[in-house]
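Below you'll find the structure, written out as structure tokens, and then a few comments.
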Ligand SMILES: *Cc1c(COP(=O)(O)O)cnc(C)c1O
């Protein structure tokens, strides 16, 4: 039996809640299940207002609209991230500026940030890679000094903390992903978290096609109309029902993922040291969200052989982001090989081991055995 890289976890409540949503025949957005999901997220992220969206990509696009990102503005993102972190702002005409990452956490390198800021810098978008917090005190201080807002791409970091503060509560906005590959999922989905109440009303309008429909539903206006630009970013309540089934099981999800992560870390430590393989680093002041387990192999060649070695035993391990600054689009913003040396290096050497909530002890034992058989 193949051990996949990821397998969707069914946690028990999803089908029941979907039945309930069907019975109420309320499938459009902002029904009872959306409200329940908002309540769970707002409890986990104190001070934030949550809005479910159709994806994390769309939540990032909403942040670009809310902050009026315009052509000519510069948006700083790590080069080592998913395309959407940059594309959401490229859509608004922004010029994307790529920051390199730290070699230990693979998060945006705060020591290299200030040199990238210009009078045109409009936004900084750190990503908490693997659910381990960026150095937010330094990033927020630099941003404040230059009057630039911060949006956290928290697709990996739900339930993680930085110096005791939940990831996702630190920027003006943060975004979540409920894509099938994430810790908590509904196939395709996301959320925008609003940490500055001044943006709350406009966020509702942008999410509802530029209308004040949310105020209408609350009885605050007697008809709804077109008041601003916007788009269709509301998640169906049917998907929210599935998502709620996952959110109510969040403690089980995180506990299982913690156990799997700790087992990989403990059982691979001496093998990794002997083979010159680097294991993930989690600073003491960060409680991570247990999104993935990755290894940094000594070379691209070792990684290629390692993935083939596992594949031969029906185990799917996969690499991750290609550096955005040297992608076709990145080069249009002036990105050149050599600009982000750490990103270029780790992107060649990083491999993610199978890691998912329903992974069994036997499955993990098989992966561990196969990994420890490998010689770099
Ligand atoms: C998954 C992911 C996204 C995109 O999430 P979607 O919900 O699929 O749009 C954005 N940023 C990062 C860092 C991600 O891992």
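The values are calculated or read from the model by the stated rules, or taken from the named source; none is laboratory data. Note that this is a predicted model, so its numbers are computed, not measured. We place every Cβ from the backbone using ideal geometry, glycine too, and count neighbours over all the protein chains shown.
Within region 273-296, the set of residues being out of contact with any helix residue (DSSP H, G or I) (no Cβ under 9 Å at 6 or more places or on another chain) and over 30 Å from residue 168 (Cβ atoms) comprises 273, 274. Being more than 16 Å from residue 65 (Cα to Cα), within 14 Å of the ligand (Cβ to nearest atom) and surrounded by fewer than 20 Cβ atoms within 10 Å (Cβ to Cβ) is the filter here, so list the residues in region 83-103 that pass it. Result: 83, single match.
When the residues of region 141-161 are filtered to those that are over 11 Å from the mean Cα position of the chain (by Cα) and within 29 Å of residue 253 (Cβ to Cβ), which remaining residue is nearest to the ligand (Cβ to nearest atom)? Full working, then the answer.
Looking only at region 141-161, we keep the residues that are over 11 Å from the mean Cα position of the chain (by Cα), and these are 141-151, 159-161.
Next cut, within 29 Å of residue 253 (Cβ to Cβ) only: 150-151, 159-161.
Details: 150: 15, 151: 11, 159: 15, 160: 13, 161: 18 Å.
Selected residue: 151.
The condition of being outside any loop (DSSP other than H, G, I, E, B) and within 12 Å of the ligand (Cβ to nearest atom) holds for only one of 181, 175, that being 175. The listed residues are 213, 198, and the only one of them that is in the same structural domain as residue 88 (by TED's automatic domain parsing), away from the ligand (no atom under 15 Å from the Cβ), under 30 Å from residue 19 (Cα atoms) and without any contact (Cβ under 8 Å) to a residue 12 or more places away in the chain turns out to be 213. Here 106, 41 are screened, and the one residue that is within 16 Å of the ligand (Cβ to nearest atom), more than 30 Å from residue 295 (Cα to Cα) and at pLDDT 95 or above is 41. Against the conditions (1) surrounded by fewer than 19 Cβ atoms within 10 Å (Cβ to Cβ); (2) under 16 Å from residue 373 (Cα atoms); (3) in contact with a helix residue (DSSP H, G or I) (Cβ under 7 Å, 6 or more places away or on another chain), where does residue 299 fall short? Just the number, please. All conditions pass for residue 299, except number (2). Going residue by residue through region 352-371, is there one that turns out to be farther than 18 Å from residue 303 by Cβ, touching a strand residue (DSSP E or B) at 6+ places or on another chain (Cβ under 8 Å) and either without any contact (Cβ under 8 Å) to a residue 12 or more places away in the chain or part of a helix (DSSP H, G or I) (or both)? Scanning region 352-371, I find at least one residue that is farther than 18 Å from residue 303 by Cβ, touching a strand residue (DSSP E or B) at 6+ places or on another chain (Cβ under 8 Å) and either without any contact (Cβ under 8 Å) to a residue 12 or more places away in the chain or part of a helix (DSSP H, G or I) (or both), so the answer is yes. When the test is whether a residue is at pLDDT 95 or above, more than 12 Å from the ligand (Cβ to nearest atom) and surrounded by fewer than 24 Cβ atoms within 10 Å (Cβ to Cβ), residue 121 passes it.
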